[in-house]
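Here the structure comes first, spelled out in structure tokens, and everything after it is commentary.
The values are calculated or read from the model by the stated rules, or taken from the named source; none is laboratory data. Given the structure is predicted, the values throughout are model-derived calculations rather than measurements. Cβ sites come from the backbone with ideal geometry, for glycine too, and all protein chains shown count toward neighbours. What goes into the accessible areas is simple: the full protein's heavy atoms, side chains included, and nothing from ligands, DNA or RNA. Shrake-Rupley method; radii C 1.70, N 1.55, O 1.52, S 1.80 Å.
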Amino acid sequence: DYIDHLIRQQIELCHFTGNTAVLQPMIRQFQTRWQKYALDLFEISPDVVLAIRQIARNLSNIQLRLPENISVMVRREDPDRNSPGEWTTVQSGGPLQLPSGSYLIRVGYPDGREIFLPVEIKPGQRMEWDLRSLPVLPDGFVLVKGGAFQARSAGGQNTPLRYLPDFFIQKYEVTIGDYLEFWRQLKCVKLKNLYRAVYREAGELGNFLWDENGVLYPEFRKDMPIFGIAGPAAEAYCQYRSEKTGLRHRLPTQLEWEKAACGTDGRRYVWGNLKKEDAAFTMDHPSRKEKLFAAPVGSFPKDRSVYGIWDMAGNLREMVRNPDDSGSIYRLMGGSYQLKHSQSTTFHLGSTNNGVRDAGFRCVIEIPQKADETTL
């Protein structure tokens with residue numbers, strides 16, 4: 001029992017801290033010093049013996065519990081490779097035995113909707129996901145499955161693993177068209193003036209994106225992301241969407257935004273760890289000279305996170321708000337068309353106390369702890 005308990009603790013500690021290099025020496029010790037306990041251990045705890053064998057072979061197990069008629073595909077998603085691996089179809093709901101590394105699991109539903117599950121698996125690790133009863137997926141949102149992920153500090157260093165529950169986040173940044181719908185229904189003239197989007201040039205008081213009647217000026221389009229509004233205006237939009245849909249909308253927290261951008265393996269950019277200066281709309285992009293403002297949402301296919309979320313590395317920086325934040329300062333995450341490619345990392349952090357020309361936002365929807373009976 002002592003050896004069983006010791007091995008369990010060591011395996012769990014290595015997985016929790018990410019220090020999997022310790023596992024192989026532990027296995028060698030088991031194969032030599034503790035070999036005489038092997039048969040007893042197998043009778044007491046066959047799952048620990050299985051974990052030991054998998055560690056020795058650098059394998060792990062993932063168990064998916066899914067509804068019927070669901071397709072499941074998996075591919076290697078190593079952030080240090082130039083391109084992802086090929087998709088492989090797996091038996092729905094069956095256990096996946098995979099070598100350790102980063103993977104992306106794609107779950108397809110009969111109505112065409114998909115969810116993506118990035119996972120970094122360690123040798124001997126066992127994971128189980130029950131997806132048989134998920135809350136309804138709101139239009140325009142993707143699911144970020146709860147669990148651990150590798151966060152980074154503002155300087156890019158790895159920090160201890162962070163844990164978040166499930167949440168929904170918008171696939172695209174809130175567009176000018178979306179925001180205009182909210183702005184036009186405002187009855188208070190003071191609020192309409194306060195929440196009207198403005199862009200500023202050096203030495204100018206400011207220019208608006210639309211006139212007093214909500215008619216866009218020619219240089220702007222409804223499918224461009226909204227910018228030039230302050231944090232309170234973004235939160236007012238979230239409140240409007242909450243009242244309209246009955247689902248609580250709010251700005252993402254810093255950690256929610258980071259996980260949505262980097263997946264679970266702490267990648268430097270949404271596509272991996274390698275620089276790709278043509279992947280996102282930043283100052284260094286070849287098309288930057290042709291555009292005075294942000295591009296329409298979803299214009300850069302490579303700027304898409306493993307969850308299927310667009311424009312987190314470029315286009316606009318995005319406002320986030322932590323529960324303990326207060327005052328007029330809002331944090332900004334990601335890169336933009338006014339920043340260099342080196343600032344388009346998943347952990348880049350800035351701030352603003354007013355509307356700026358290269359900052360927008362997207363909404364998060366909280367998922368109640370007790371999900372409804374309706375499923376995807």
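Given a 1.4 Å probe and every protein chain left where it sits, what share in percent of the accessible area of the stretch 199-269 is carbon and sulfur? It would help to have the intermediate numbers written out before the result.
Numbers: 1590 of 3220 Å².
C and S fraction of accessible area: 49 percent.
For the pair S326 and L292, the difference between a 0.36 nm per residue extended length and the Cα-Cα distance amounts to 9.0 nm. In this view, the solvent-accessible surface of W310, computed with a 1.4 Å probe and all protein chains in place, comes to about 30 Å².
In the assembled protein chains, H348 presents an accessible area of approximately 40 Å² (probe radius 1.4 Å).
Put a plus charge on the Cβ of each Lys and Arg, a minus charge on the Cβ of each Asp and Glu, and nothing anywhere else: the dipole of the stretch 77-142 about its Cα centre is then about 180 debye.
Compute, for the stretch 246-329, the length of the dipole vector about the Cα centre, with Cβ point charges of +1 (Lys, Arg) and -1 (Asp, Glu) only. Units Debye, rounded to 20. List each step's numbers first, then the result.
Numbers: 14 positive and 12 negative charges, 26 e Å.
Using Cβ point charges on Lys, Arg, Asp and Glu, the stretch 246-329 gives about 120 debye.
Considered as an equivalent ellipsoid built on the Cα gyration tensor, the stretch 139-298 has semi-axes of 31, 22, 14 Å, the largest given first.
Rounded, prolate or oblate for the stretch 89-164? Axes are the square roots of the Cα gyration tensor eigenvalues, ordered a ≥ b ≥ c, and the cut-off for rounded is a/c under 1.5. Walk me through the numbers before you get to the answer.
On the way: a/c = 2.30, a/b = 1.30, b/c = 1.77.
Oblate shape, in that a/c is at least 1.5 and b/c is the bigger or equal ratio.
Packing, taken as the mean count of other beta carbons within 10 Å per residue, orders the peptides 276-282, 109-115 from highest to lowest as 276-282, 109-115.
Considering only protein heavy atoms and a 1.4 Å probe, what is the carbon-and-sulfur percentage of the accessible area of the stretch 293-339? It would help to have the intermediate numbers written out before the result.
Details: 720 of 1440 Å².
Carbon and sulfur: 50 percent of the exposed surface of the stretch 293-339.
Listed highest first by mean packing, meaning other Cβ atoms within 10 Å per residue, what order do 178-188, 228-238, 79-89 come in? Each step should come with its number before you reach the end.
Numbers: 178-188: 16.0, 228-238: 21.4, 79-89: 12.5.
Packing proxy ranking, top to bottom: 228-238, 178-188, 79-89.
Under 24 Å of direct C-alpha separation, and excluding same-chain neighbours fewer than eight residues apart, K275 reaches these lysines: K171, K259, K289, K291, K302, K340. Taking all protein chains as they are arranged and a probe of 1.4 Å, the heavy atoms of L349 leave approximately 70 Å² accessible to solvent.
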